[in-house]
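Peer 1: I have a structure here, written as structure tokens, and I will follow up with some questions on it.
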Amino acid sequence: MSNQRGEIPFAKGWPLFRWLWSTYLFKYRIYVIAAMVLMSIEGSMLGFLSYTLKPMFDLVFVDGNRDAMKWVGIAILVIFCTRGLTGALQKLLMTYVGQHSVADMRIDLLNHVMQLDTTFHATHPPGHLMARVEGDVNGISSVWKALISGAGRDFVALIALMFVAIRVDWVWTAIALIGAPLAVSPLLLAQKYVRRRARESREVASQVTTRLDEVFHGINQIKLNALEDYQADRYVGLQLQSVQLAMRTTVGRAVIPALVDIMAGLGFVAVLFYGGGEIIRGDKTIGDFMSFFTAMTLAFEPLRRLAGMGGGWQVAIASLERVQHLFNTKPSITTPARPKKADVDRPEIVMDDVHLAYGELPVLRGVSFTAKAGKTTALVGPSGAGKSTIFNVLTRLIDPQTGEVRIGGQKSLDINLAELRGMFSVVTQDALLFDETVRDNVLLGRTDVTEDQLRSVLDAAYVSNFLDQLSDGLDTPCGPRGSNLSGGQRQRVAIARALLRDTPILLLDEATSALDTRSETVVQAALERLSRDRTTLVIAHRLSTVQNADNILVMDRGRIVEQGSHDDLLAKGGSYHDLYNMQFRSNEGEE
Ligand SMILES: Nc1ncnc2c1ncn2[C@@H]1O[C@H](COP(=O)(O)OP(=O)(O)OP(=O)(O)O)[C@@H](O)[C@H]1O
């Protein structure tokens, strides 16, 4: 199944398991080894049990030996108690290892995904990534737990029972296994089938979470545009696909133990004919046969389970290769090996002949400018001109193909990534708030802020003005993505964050656009005060807000076509003059 993110290559099973072992299980090896030992004891008990059947039949039932009855009884009791105790203990250990390793993998995966480039996230929707972090990791954990706990015990049980069967009669054992070679190639085919269906199933699971994510995030748009039926139909389609694939996977998985059944049936019949003749002739005792028969019958279930696990392992591989593929995707925007220090006090920003394209689409075409330290530089121009892209380049959310960016006298590529981003506060039109309280949304995890400091930024950003309208003031939850606050309130919270960050550079993207006229005036004043000693870049769609900027860059289709002060640009009679007149006329029209 192909998709816009490209096909995940088929990976070999054992290297994947080795990777899983060395990365996530090796550190718990003591627990795993202890669990293995317990499993071996648990598994071998079935062998002992079948072994006790020979004296039970031959000494107790046939010879009527009462002493033998006592020790056979005690042996059976010990066998079952040991099995129960070791079984419970090993489960506890394996659950510990399973839960911890899964948590480790999820934490690593989230950390890794957060490091990946913005361009990666642009092509991998959140639902898709959630399915990897949650669903795929779950798929792996359930199977590896079954593999290690079940497989270990079953494998030991199988060996122990085979040992007993061979001790009773190796010819009978060989005859019982007569059907085994016939099952090999159908087994391999069934495994291949299961793996392919499981891969498709995981891809559909990603689409399901993506759909849910988009529906719940866009619920108001869905309601307003009466898209409920349309969305429901799309979801039904995906669910049907999901059910169909689950059924196909199950069919494939069911075939595997069924083949073991057929193989075992053939073996039993063969032994019945051959061994039955020997017992009738008196060459073998009933105890021999019962011991052998019990060993083979007891071996049958672990064998079936082991074969079934082959299918389960294929399902796990499908998840494992998706997770490993994600881990193998490396970010291209990284911190330099030997970072250099930038002048962080009053950093100047320089862009020198920067070219950037999204695929074939050129977005920045030789952008050069200097934003003086401590001054305000405005970016204006039509929609799609590349203004926001300049912000993304400065903060290294995306790197240009050619050209250089210098911040505080250092190439931005040479500055430690966290330090570089720590120099910026960004306030955009769509301020993202988390589903936490207003206080937490302003503090963003900082614990070094005093109540007075907090109050002063809340006052300066005019957050204090609306706190009494909220049910719990500063401790009111903002709702998912800040949905409990109005657009203007969200923006003021974002401005408060920026004030608190107190960084040397401010990037404002029409930061006051969602405020009413009165609030806009005061917040604008606060921002001006805030930006006074800082290097500020402001994107403005309304030219009225940037008239006081020290320098105005006019952008058009990825180029800076003019720059200068408001008065200079107006006097020049170029693009800025045209833009200004256009806005002026439309404002007049509105009045
Ligand atoms: N992730 C992306 N992938 C592909 N193209 C993109 C991506 N982000 C932006 N673009 C394109 O880059 C161009 C410049 O976008 P940008 O957001 O920088 O413009 P802008 O000047 O800020 O526009 P606006 O004023 O409308 O916000 C647009 O044509 C846009 O479609």
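The values are calculated or read from the model by the stated rules, or taken from the named source; none is laboratory data. Keep in mind that what you see is a predicted model, and the values were worked out from it rather than measured. Using ideal geometry, Cβ is built from the backbone for each residue, glycine included, and neighbour counts are taken over all protein chains shown. With ligands, DNA and RNA removed, areas are computed over all heavy atoms of the protein, side chains included. Shrake-Rupley method; radii C 1.70, N 1.55, O 1.52, S 1.80 Å.
Peer 1: How long are the semi-axes of the equivalent ellipsoid of the range 269-351, taking √(5λ) for every eigenvalue λ of the Cα gyration tensor, in whole Å from largest down?
Peer 2: Value: 73, 12, 8 Å, ordered largest first.
Peer 1: Which three extents, in whole angstrom, do the alpha-carbon atoms of the range 244-299 cover along their principal axes, largest first?
Peer 2: Per principal axis, max minus min of the Cα coordinates gives 56, 17, 7 Å.
Peer 1: Separate question: Estimate the FRET efficiency between Ala418 and Lys12 by the formula 1/(1 + (r/R0)^6), using the beta-carbon distance for r and 45 Å for R0, to the nearest 0.05.
Peer 2: The formula returns an efficiency of 0.75 here.
Peer 1: For the pair Glu360/His217, report the inter-label distance in nm, with labels modelled 7 Å from Cα in the Cβ direction.
Peer 2: 2.8 nm
Peer 1: Oh, and also: State whether the range 74-192 is rounded, prolate or oblate according to the following rule on the C-alpha gyration tensor (a ≥ b ≥ c being the square roots of its eigenvalues): a/c under 1.5 gives rounded; otherwise a/b larger than b/c gives prolate, and the remaining case gives oblate. Before the final figure, lay out the partial values.
Peer 2: Values: a/c = 5.35, a/b = 1.84, b/c = 2.90.
Note, shape of the range 74-192 comes out oblate.
Peer 1: Can you give the angle from 0 to 90° between the axis of helix 228-281 and the longest principal axis of the chain, with both taken from C-alpha atoms, to the nearest 10?
Peer 2: 20 degrees
Peer 1: Compute the acute angle (0 to 90°) between the alpha-carbon long axis of helix 286-328 and the principal axis of greatest extent of the alpha-carbon atoms of the chain; round to the nearest 10°.
Peer 2: 10 degrees
Peer 1: Principal axis lengths of the range 14-328 from Cα atoms, whole Å, largest first?
Peer 2: 86, 39, 34
Peer 1: Compute the length gained on full extension between Asp435 and Thr82: take 0.36 nm times their separation in residues and subtract their Cα-Cα distance, giving the result in nm to one decimal. List each step's numbers first, then the result.
Peer 2: Working: separation 353, 0.36 × 353 = 127.08 nm, distance 5.11 nm.
Extra length from Asp435 to Thr82 when fully extended: 122.0 nm.
Peer 1: With label points built 7 Å along Cα→Cβ from the Cα atoms of Trp21 and Asn138, find their separation and express it in nm.
Peer 2: Using points 7 Å along Cα→Cβ, the separation is 2.8 nm.
Peer 1: So the label point goes 7 Å from the Cα of Thr297 along Cα→C-beta, right? Which residues of the range 264-280 then have their backbone N under 17 Å from it?
Peer 2: 264-273, 275-276
Peer 1: Would you mind computing Rg(Cα) / (2.2 N^0.38 Å) for the range 50-101, counting N as its residues?
Peer 2: Cα-based Rg divided by the globular estimate yields 1.75.
Peer 1: Highest mean first, what order results for 128-138, 220-230, 396-406, 496-506 on Cβ atoms within 10 Å? Present the calculation step by step, with values, prior to reporting the outcome.
Peer 2: Numbers: 128-138: 19.6, 220-230: 10.9, 396-406: 17.3, 496-506: 21.2.
Per-residue mean Cβ counts within 10 Å order the peptides as 496-506, 128-138, 396-406, 220-230.
Peer 1: Calculated from DSSP H runs of 4 or more alone, at -39500 (n - 2.57) each and per residue, what is the 222 nm mean residue ellipticity of the chain, nearest 500?
Peer 2: Working: 21 runs with 358 residues, N = 591.
One gets -20500 deg cm²/dmol as the mean residue ellipticity at 222 nm.
Peer 1: Could you tell me, in Å, what Rg and Dmax come out for the Cα atoms of the range 237-386?
Peer 2: 35.4, 108
Peer 1: Relative to the compact globular guide of 2.2 N^0.38 Å, what is the alpha carbon radius of gyration of the range 303-387, as a ratio?
Peer 2: 2.09
Peer 1: Would you mind getting me the FRET efficiency between Val62 and Val184? Use the beta-carbon distance for r and R0 = 35 Å, nearest 0.05.
Peer 2: Result of the calculation: an efficiency of 0.30.
Peer 1: Determine the relative contact order of the chain: mean sequence separation of Cα pairs under 8 Å and six or more apart, normalised by residue count, in whole percent. Walk me through the numbers before you get to the answer.
Peer 2: Details: 861 pairs, mean separation 86.4, N = 591.
Reported as a whole number, the value is 15 percent.
Peer 1: Now a separate question. Estimate the FRET efficiency between Ser544 and His325 by the formula 1/(1 + (r/R0)^6), using the beta-carbon distance for r and 60 Å for R0, to the nearest 0.05.
Peer 2: Once rounded, the FRET efficiency stands at 0.75.
Peer 1: Please work out the Cα convex hull volume for the range 19-70 and give it in Å³ per residue. Walk me through the intermediate numbers first.
Peer 2: Values: hull volume 3.4 nm³, N = 52.
For the range 19-70, the hull spanned by Cα atoms encloses 66 Å³ per residue.
Peer 1: Taking only Cα atoms, what is the 0 to 90° angle, nearest 10, from helix 29-55's long axis to the longest principal axis of the chain?
Peer 2: The two axes meet at around 20 degrees.
Peer 1: Thr250 to Arg338: extension gain in nm, 0.36 nm per residue of separation minus the Cα-Cα distance?
Peer 2: Contour length minus the Cα-Cα distance gives 26.4 nm.
Peer 1: Where Rh is the Kirkwood radius over the Cα pairs of the chain, the temperature 37 °C and the viscosity 0.692 mPa s, what D in µm²/s does Stokes-Einstein return?
Peer 2: Taking Rh from Cα pairs, D becomes 109 µm²/s.
Peer 1: What accessible area per residue, rounded to a whole number of Å², is obtained for the range 14-328 using a probe radius of 1.4 Å?
Peer 2: Accessible area per residue: 51 Å².
Peer 1: Then there's this: I'd like the carbon and sulfur percentage of the solvent accessible area for the range 14-328, probe radius 1.4 Å, heavy atoms only, ligands and nucleic acids excluded.
Peer 2: Details: 11140 of 16100 Å².
After summing per-atom areas, the C and S share lands at 69 percent.
Peer 1: Separation between the Arg559 and Glu228 pseudo-spin-labels, each 7 Å from Cα along Cα→Cβ, expressed in nm?
Peer 2: That separation, rounded to one decimal, is 5.3 nm.
Peer 1: Please give every one of the lysines within straight-line cross-link reach of Lys387, meaning a C-alpha to C-alpha distance under 19 Å, and leave out same-chain neighbours fewer than 8 residues apart.
Peer 2: Result set, ordered by chain and number: Lys372, Lys375.
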